[in-house]
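Read the figures in this text as sums done on the coordinates, not as results from a lab. On a predicted model such as this, the values are computed, not experimentally measured, just so you know. Positions of Cβ are generated from backbone atoms using ideal geometry, with glycine treated the same way; all protein chains shown enter the neighbour counts.
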Amino acid sequence: MSDRLQDGCIFCMIIKGEIPSFTIYEDDATKAFMDINPLTPGHTLVIPKFHTANIFEAPADSLGQVMTTVGKVSRAVDRVIAPEGINILQANGAGAGQSVFHIHFHVIPRAVDDGFTMNWPQVPGNMDDIGKTAKALQDDISKHE
Ligand code: AMP
Ligand code: ZN
């Protein structure tokens, strides 16, 4: 396992136990621990137990394992914190607000009036533009995936 961890990565250091974490669940493939700068009480992070930077690089099977743990953690947060809702958030790249470059999924308890702006108004798009983008994505997926 240690050969799949990256020196200097803060989440790899948490996996190795070199820095402390409030771990709430782990299995062979994944680990879930509290975010130490919580957006709201119960804010938890879920990571694979090897270093991979983002959604572009992560192997498909590890994403499946991580999402299984995201489900477990979300249900626990729902039972224990009883929020009005939960957002699952995952950032890829600086432009998306990623600050730790070891892939992680945020489990974030939410309330209708918490004032955070992870939601956006629903404004109908241009169907021609949406259709063109969909076609480009379909073609790309059929070539690459
Ligand atoms: P992101 O900005 O999406 O890359 O999220 C990184 C998250 O990691 C932030 O919400 C930080 O608060 C959190 N974080 C950074 N260092 C630690 C740490 N040592 N233990 C727990 N959470 C951390
Ligand atoms: Zn790492």
Worksheet item: Whole-Hz Karplus ³J(HN,Hα) for the range 62-68, in order, using 6.51 cos²θ - 1.76 cosθ + 1.60 and θ = phi - 60°, x for Gly and Pro?
Response: 6, 5, x, 5, 5, 5, 4
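Computed FRET efficiency, Cβ-Cβ of Ala60 and Ala134, R0 25 Å: what is it to the nearest 0.05?
It comes to 0.70.
Grab the beta carbon distance between Asp28 and Asn92, set R0 = 30 Å, and tell me the FRET efficiency rounded to 0.05.
Numbers: r = 25 Å, r/R0 = 0.83.
Working from the Cβ atoms, E equals 0.75.
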Worksheet item: What is the packing order of peptides 134-141, 54-61, taking the mean over residues of other C-beta atoms within 10 Å and listing the highest first?
Response: 54-61, 134-141
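Set the Förster radius R0 to 22 Å, insert the Cβ-Cβ distance between Thr117 and Glu84 as r into 1/(1 + (r/R0)^6), and round the FRET efficiency to 0.05. Could the numbers behind the result be given before it?
On the way: r = 16 Å, r/R0 = 0.73.
So, using R0 = 22 Å, E works out to roughly 0.85.
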Discussion item. Run the count for the range 2-144, please: Lys pairs, Cα-Cα under 23 angstrom, 8 or more apart or on different chains.
Written reply: 8
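If you place +1 on the Cβ of every Lys and Arg and -1 on the Cβ of every Asp and Glu, how big does the dipole about the Cα centre of the range 2-144 come out, in debye to the nearest 20?
Working: 11 positive and 17 negative charges, 30 e Å.
Dipole magnitude for the range 2-144 comes out near 140 debye.
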Item to complete: Using per-residue counts of other Cβ atoms within 10 Å, averaged over each peptide, order 13-19, 30-36 from highest down.
Response: 30-36, 13-19
Practice prompt. Any chance you could check the Cα centroid distance between the range 126-142 and the range 84-121 for me, in angstrom?
Written response: 26 Å
Response to the item:
Taking only the Cα positions of the chain, the convex hull volume per residue in Å³ is 143 Å³
